[in-house]
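The structure appears right after this line, and notes come after that.
Read-outs: derived from the displayed coordinates by stated rules, not from any lab. All values reported here derive from a predicted model rather than from experimental measurement. Because the Cβ atoms are built from the backbone with ideal geometry, glycine has one as well, and the counts that use them run over all protein chains shown.
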Amino acid sequence: MVRTEAPEDAYTAEPFVPGRGGLPALRRAAAECRGCPLHRDATQTVFGAGDEDARVMLVGEQPGDQEDRQGKPFVGPAGRLLDRALEEAGIDPAEAYVTNAVKHFKFTQAEPRKRRIHKAPNLREMTACGPWLAAELAVVEPELIVVLGATAGKALLGSSFRVTQVRGTVLEEEIHGRPERLVPTVHPSSVLRADDREAAYRGLLSDLRVAAQALG
Ligand code: SF4
């Protein structure tokens, strides 16, 4: 079915989300989402990846340049760093479901063929994309959500979320109508940008160890 984009004051992915069919149906439908304008400039929808039976769901902000080109989440430098930290913390990356709060890459570009610079999604775009994350949570039913950074935290826990205040703790909150346990930490890309990368990496690792312990 061909759908047109929602009017500006009503951005939402809701009409595009199928009511049944599991992750394959969600992934197919998300490829056609026009719930907000971010699909216009991005290469493709980058839906979550991983098993329906995953025990842990990792939620990041939005796809980056590499993810946008390859159509898979966390395949760029931040994803490689995350995999290393997960393994070191005792969480098998192959057993985690990884996704983003927003499924299209938002960027600025000074001129065509210039580097595309990541731009954080705004609240309206995060809210618009929420139904996809809600649908992923309903299918995967993870035992634990690892919240990667401020945008994912705001998308899941509201605009007052501050990653520095709650990182490395186990939170219990109702998310999209379901009781969830969450461990917030920083986004792995912030480790790559940090002046002291080693210290930032140790911080991420310490938070992920809390997640590993919560999983038991
Ligand atoms: S960012 Fe989300 S809501 Fe917006 S078009 Fe992409 S999938 Fe749809």
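Brief remarks follow.
- The residues on offer are Glu87, Glu14, Glu67, Glu61, and the sole one that is within 16 Å of the ligand (Cβ to nearest atom) and free of Cβ contacts under 8 Å to residues at least 40 places away in the same chain is Glu67.
- Every residue from the range 68-93 that is among the basic types (Lys, Arg) and either assigned to a helix (DSSP H, G or I) or closer than 21 Å to Gly216 by Cβ (or both): Arg69, Arg80, Arg84
- Filter result (part of a loop (DSSP other than H, G, I, E, B), within 23 Å of Leu157 (Cβ to Cβ) and polar (S, T, N, Q)) within the range 94-128: Asn122
- Residue check, Val98 touching a Gly at 6+ places or on another chain (Cβ under 7 Å), crowded, with 16+ Cβ neighbours inside 10 Å and over 30 Å from Ala199 (Cα atoms): no
- Among (1) within 14 Å of the ligand (Cβ to nearest atom); (2) buried (at least 22 other Cβ atoms within 10 Å of the Cβ), the one test that Leu82 misses: (1)
- Within the range 18-41, the set of residues being surrounded by fewer than 19 Cβ atoms within 10 Å (Cβ to Cβ), assigned to a loop (DSSP other than H, G, I, E, B) and either on the phi < 0 side of the Ramachandran plot or within 10 Å of the ligand (Cβ to nearest atom) (or both) comprises Pro18, Gly19, Arg20, Ala31, Glu32, Arg34, Arg40, Asp41.
- Residues in the range 19-42 that are basic (Lys, Arg) and under 19 Å from Glu125 (Cα atoms): Arg27, Arg34, Arg40.
- Test: residue in the range 107-127 that is over 21 Å from Ser190 (Cβ atoms), surrounded by 21 or more Cβ atoms within 10 Å (Cβ to Cβ) and either away from the ligand (no atom under 14 Å from the Cβ) or within 13 Å of the chain's Cα centre (by Cα) (or both): no
- Of the residues making up the range 175-197, those that are of a type in the set (Asp, Glu) and under 14 Å from Leu82 (Cα atoms) number 0.
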